[in-house]
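Remarks on the structure that follows.
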Amino acid sequence: MYNQMIIMKHTCIKCNVNLIADDNWRPSSQKYKVYKCNPCRTNTTKKWQKENWERWQQKFNEYINAKQGVYGIFSGDKCLYVGQSKVLNSRTNRHRNYFNTENKRGHHQPKLYEKLDKYENKEIRILEECTNHKEREKYWINKLRPLFNSYSYSQ
């Protein structure tokens, strides 16, 4: 995954092991400034699951039973963006949370949101619930010609 091993100047907060990217640590964990090696992170997760078994089981079941499909972000009749997800509810909620938040930093699609912010009355619509959501996204992009999908598909 990484071209070269990155030796970080961090140690695991649990076991004091030096952290080496792609060996015993993932760089994404630095986002929270809490540095744990993979075994310690796994143990922490397992401990949390045991202590919060019902909550974990509920979240797991929600994920397993989640609806998959294609959604669109609209401003009136104008389609701004078409996306797909295997967990539709989670994805559409992430978009809604962004639209309703003052602090717009740190989102997973900053360029898209920069463009969407220029439009009023944004609405998220479920276009189709389906298991072949990646293929159906292509269909909906071709049909609706959204303004902010960075690519288009020819059929």
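The values are calculated or read from the model by the stated rules, or taken from the named source; none is laboratory data. As the structure is a prediction and not an experimental result, all values here were calculated from the model. All Cβ positions, glycine included, derive from the backbone under ideal geometry; neighbour counts span all protein chains shown.
Do we find a residue being at pLDDT 85 or above, in a strand (DSSP E or B) and surrounded by 11 or more Cβ atoms within 10 Å (Cβ to Cβ) anywhere in the stretch 57-69?
Yes, there is a match, as at least one residue in the stretch 57-69 is at pLDDT 85 or above, in a strand (DSSP E or B) and surrounded by 11 or more Cβ atoms within 10 Å (Cβ to Cβ).
So, in the stretch 31-87, how many residues would count as being of a type in the set (Ser, Thr, Tyr), in the same structural domain as ASN97 (by TED's automatic domain parsing) and over 21 Å from the mean Cα position of the chain (by Cα)?
Residues that pass the stated criteria total 1.
Within the stretch 84-93, can one find any residue that is assigned to a strand (DSSP E or B) and surrounded by 12 or more Cβ atoms within 10 Å (Cβ to Cβ)?
Scanning the stretch 84-93 turns up at least one residue that is assigned to a strand (DSSP E or B) and surrounded by 12 or more Cβ atoms within 10 Å (Cβ to Cβ).
Are any residues in the stretch 113-123 on the phi < 0 side of the Ramachandran plot and surrounded by fewer than 17 Cβ atoms within 10 Å (Cβ to Cβ), and if so, which ones?
Taking the stretch 113-123 first, the residues on the phi < 0 side of the Ramachandran plot are 113-120, 122-123.
Residues satisfying the conditions are TYR113, GLU114, LYS115, ASP117, LYS118, TYR119, GLU120, GLU123.
Name every residue in the stretch 106-140 that is in contact with a helix residue (DSSP H, G or I) (Cβ under 7 Å, 6 or more places away or on another chain) and free of Cβ contacts under 8 Å to residues at least 60 places away in the same chain, in order of residue number.
HIS107, TYR113, LYS122, ILE124, ILE126, LEU127, GLU128
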